[in-house]
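Asks: What follows is a structure written as structure tokens; I'll ask about it next.
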Amino acid sequence: GNAGGVFNTSRQVGGALAVAVFGALISAPAGFEHGLRVSLALAAAVTLSAALATTRITTVR
């Protein structure tokens, strides 16, 4: 249904944004290594926040 379409669209948009942001960080004048470190730290922070958010979600039956 609609939920599947919304999920797939949000997943694709998130992936495209991640590639664009991480690519911009890596190609920054500060250098590849610095951009890579910042990108990985950002990815870890997003993953941690998503993991913490899932522990707060409750299902209502």
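Asks: One-quarter of the Cα convex hull surface for the chain, in nm²?
Replies: It is 5.2 nm².
Asks: Using the heavy atoms of the protein chains and a 1.4 angstrom probe, tell me the accessible area per residue for the chain in square angstrom.
Replies: 83
Asks: How far apart, in nm, are two points set 7 Å out from the Cα along the Cα-to-Cβ line at Val38 and at Val6?
Replies: Each label point is offset 7 Å from its Cα along the Cβ direction, giving 3.4 nm.
Asks: Distance from the Cα centre of the stretch 1-37 to that of the stretch 40-59, in angstrom?
Replies: The distance from the Cα centre of the stretch 1-37 to that of the stretch 40-59 comes to 16 Å.
The values are calculated or read from the model by the stated rules, or taken from the named source; none is laboratory data. All figures in this text were calculated on a predicted structure; none of them were measured in a lab. Quick reminder, even Gly has a Cβ in these numbers, built from the backbone with ideal geometry, and neighbours come from all protein chains shown. Remember, those area values only see protein heavy atoms, side chains included, never the ligands or the DNA or RNA. Shrake-Rupley method; radii C 1.70, N 1.55, O 1.52, S 1.80 Å.
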